[in-house]
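J.: The structure under discussion is supplied below as structure tokens; questions concerning it will follow.
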Amino acid sequence: MTLKIIPNADLEREVSVDANADLWKSLGDDPAFEIRFSPVRKKLLVLHVVATDEPIDPKFYVNRGYGFREKDTVSLPEGRGFVITADIGSVGSICALRADPASFPTTFRFTAKAFSSEKSAQRYISGILEMDARSKRIDLGRLPQYWLKLPKLRLGRRKASLTVQYADASYRLASELAAAPISATAGTWLSVVVPVYNAPARYLDDLVKSFEAQNEQGAELILSDDGSTSPETRQWYQGQRPRDNIRLVLNERNGGIAAATNAGLSQAQGQWIAFLDHDDVVAPHAFKVIRHTLEQNPEANFVYTDELVVDDTLKPTGVMLKPAYDSVLLTGVNYINHFSIYRHSRLRELGYLRTGYDGSQDYDLLLRYLEGIPEDSVLHLPYPAYWWRRNGKTYSRKFMDAATANARKALVERFERRQQAIGVDGALTKTLHRIMFEAPHEWPKISIVIPSKDNLDLIKRILGDLFEKTDYPNFEVLVIDNGSTDKAVLDLYEHYRKTQPRFSAVINPEAFNFSRSVNRGLSAATGEHCLILNNDVEVIEPGWLKEMVSCLAYDRTGIVGAKLLFSNDKMQHAGVVIGFGGLAGHWYMNKPKEFGGPMNRLHVRNTLTCVTGAVMLISGECLKKIGLFDEENFAVAYNDVDYCLRAYKAGYRIVWTPFACLYHHESLSRGSDKSGERKKRFEQEKQNLRRLHATQGFIDRALNPAYSRDKSDPRIVPPTLLRIPSMS
């Protein structure tokens, strides 16, 4: 069997002295190989992927009989090298596997070979691992071999991608937007400042053309050159005709991005400032939509927009769809970035950009600028207002270690200004950030409330995990039992009563009502904070509770939730989005546990509107203000959603953290809600949620408005109206 390796447009072969090097270069964000094999083939496939520069994050699309679908991907954590094996069978009608070696521009080696026997495959793999001990061995297992649904023949012109459909619809709606009456943005209202260094002429042409196409009075473009040595760049400057709204600031010496930007800022006359890179492009109608937003919200202090990701030829390859302002998320990743609009007066007060933060100078400025500003005056404009030409040539990609270190220095200083001592570690993506709050002199007492009944295996495991596998030093456990009769369970309670002074179990034979059981525990709790914990949870790492309690250090935090996995290591809980299916639902459920989500935000902490009650920490202050769970309207379902919404409406922050990760063997202890009285009750509780919280029309700030609300894995939906944010 001959394997066919078919690269997509984001890949090109690198020229190498070694003809057998199999060296490839990724040109964009979506490099992919389709590995094709014949219906009769050797049964074992072995792929070898090795990074030649920074670590890579491969992903594989397994055809499970329906074609290549996002839901059937296997994502691997970052690493330097991988040996991937798959059993494709000797015969089959599925004749392809897709491999995405990385999600960013880089170089790597890639080989694929097929073997008839495990012995020959193992001999080949052993040879690889002897030469390259860094490579991780990954087995995809036995892959499906036959189609369950035959692929449709593509006839005629291919339909535009959802990214293109989204962008086209957004720009069409913006073109139809009536110009706002000018009041708050009279005069020179916007200065776009761009540091330039050795930029190709075509980049500068694209940028200038996109600026001029805005056709919006009162905006100026300032190109601040950082001592370019490129003859092409210098010649471009010489060829520019004088224009009132485009100015060149030609600095004689190279001082770095911050210095060049500040030189441009010193010439800026606008009330508002925006920053771009020299290879970026302003999207159609961006100025009109931004100006309309500022006119509608004259008290706003900051506006940021979405981004269209394009390749070197300006072909759309992706989109950055951002949530509403989230100061917790911002401490993990600079998800705001460009196109952002700053008040010039506040920038002057801050002294503009600081040198010494190369690669993260914008992040440092953003953290300082947003500090102390009312959160409701920070507006997210869900419009792809600028095109990010992602080509792998930015400072932060080429010098990632320095950029990451400088970002963490800015974060430490940000918390120091608030008298909070922190450290910063890598997140689940190592170049992102995990704030490490200083451990308190004495950890607060946590009351752990566990509703339960019978089911020895579950309650025995979670109690053992708490007392033997959890390193938190100060907690009590209150089991609220609604009528166990299993002698082994009763004996277990008695054992813990005798051996653990921190343990109690109260048995009240009654119909199951989760909220009532929780309330019994909350009423008896003596801790400073309370943790609601399902009996079907399993501890993975000892530090999970310290992590959850640490998250209370974020301002206004009243509730903290954890990352939960099914027993097969697929995602069970990464937060709950209000409005899914007209009610509420877990997003990205059943994704691989390493799945990062949009902008890798599932690899860092987030502010959400809701987290599951399976593992829910409630601060003492929040509990005192919000009160108990609603036993009447939410006996079993949606009680956690109701509680979180009540806390959210009262102004409390709800934080989800991926650094507290546990297994959740969901509903093993109580069965299904799909029949009989349970189904009736479930339908009634759905209705109660709609009635009390209007979830069918709820726009969750954690989810960009362009994402669908119909399923756990939301898709992009082209807009039918232009959403202008409001402070009210």
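J.: How big is the Rg/Rh ratio for segment 446-697, C-alpha atoms only, Rh by Kirkwood, two decimals?
T.: 0.94
J.: How large is ³J(HN,Hα) for each residue in segment 482-499, as worked out from phi by the Karplus curve 6.51 cos²θ - 1.76 cosθ + 1.60 (θ = phi - 60°), to whole Hz, x for Gly and Pro?
T.: Per residue, the Karplus-derived 3J(HN,Hα) values read 9, x, 5, 10, 5, 4, 4, 5, 4, 5, 4, 4, 5, 4, 6, 4, 7, 9 Hz.
J.: While we're looking at this one, here's another question. What nm value, rounded to one decimal, do you get for the distance between Arg418 and Leu350 when each label is placed 7 Å out toward the C-beta?
T.: 1.5
J.: Could you pull out every one of the aspartates and glutamates with an alpha carbon less than 15 Å from that of Lys315, ignoring same-chain neighbours closer than 8 positions?
T.: Asp10, Asp29, Asp30, Asp168, Asp206, Asp279, Asp280, Glu307
J.: Reachable lysines from Lys649, Cα under 26 Å, same-chain residues fewer than 8 places away excluded?
T.: Lys322, Lys563, Lys624, Lys625, Lys686, Lys711
J.: Between rounded, prolate and oblate, where does segment 440-497 land on the alpha carbon gyration tensor, with a ≥ b ≥ c its root eigenvalues, rounded for a/c under 1.5, else prolate if a/b exceeds b/c?
T.: Prolate.
J.: Here is a further query. Lysines within cross-link reach of Lys487: Cα-Cα under 19 Å, excluding same-chain residues under 8 positions apart?
T.: Straight-line reach from Lys487, under 19 Å: Lys453, Lys460, Lys498.
J.: Rounded, prolate or oblate, given the Cα gyration tensor of segment 355-435, with a/c below 1.5 counting as rounded?
T.: Here segment 355-435 falls in the oblate category.
J.: Continuing with the same structure: Out of residues 5 or more away from Thr557 or on other chains, whose amide H comes under 5 Å of its own, with H placed 1.01 Å from N in the peptide plane?
T.: Excluding prolines and chain starts, which carry no amide H, the hits are Arg653.
J.: Is there a quick way to get the dipole size of the chain? I mean about its Cα centre, with the Cβ of Lys and Arg at +1 and of Asp and Glu at -1; what is the value in debye to the nearest 20?
T.: 1780
J.: Another question about this same structure. Can you find, among Ala439, Thr429, Asn688, the residue sitting farthest towards the positive end of the charge dipole of the chain, where Lys and Arg contribute +1 and Asp and Glu -1 at Cβ?
T.: Asn688
J.: Assuming a strict under-15 Å limit between Cα atoms, what lysine pair count do you get for segment 4-142 once near-sequence pairs (fewer than 8 apart, same chain) are dropped?
T.: Counting lysine pairs in segment 4-142 gives 8.
J.: If packing is taken as the average count of other Cβ atoms within 10 Å, what order do 433-444, 172-183 fall into, highest mean first?
T.: Descending packing order for the listed peptides: 433-444, 172-183.
J.: Between Val164 and Lys680, what FRET efficiency follows from the Cβ-Cβ distance if R0 is 51 Å, with the result rounded to 0.05?
T.: Efficiency computed from Cβ-Cβ geometry: 0.65.
J.: Highest mean first, what order results for 302-313, 232-243 on Cβ atoms within 10 Å?
T.: Descending packing order for the listed peptides: 302-313, 232-243.
J.: Run the lone-cysteine check on the chain: no other Cys C-beta under 4.7 Å from the residue's C-beta.
T.: Cys95, Cys530, Cys551, Cys622, Cys661
J.: Let me ask another. For Val196, list long-range residues whose amide hydrogen, built 1.01 Å from N in the peptide plane, is under 5 Å from its own amide hydrogen.
T.: Answer set, sorted by chain and number: Ser224, Asp225, Asp226.
J.: Now for a different question. Magnitude of the Cβ-charge dipole of segment 4-142, K/R +1 and D/E -1, about the Cα centre, nearest 20 debye?
T.: 800
J.: Amide H of Ser484: which non-local residues (sequence gap of 5 or more, or other chain) have their own amide H closer than 5 Å, using H built in the peptide plane?
T.: Placed amide hydrogens put Asp454 under 5 Å from Ser484.
Every number in this text was worked out from the coordinates using simple rules, so none of it is lab data. The model shown is predicted, which means the values in this text are computed figures rather than measured ones. Cβ atoms come from the backbone with ideal geometry, glycine included; neighbour counts cover every protein chain shown.
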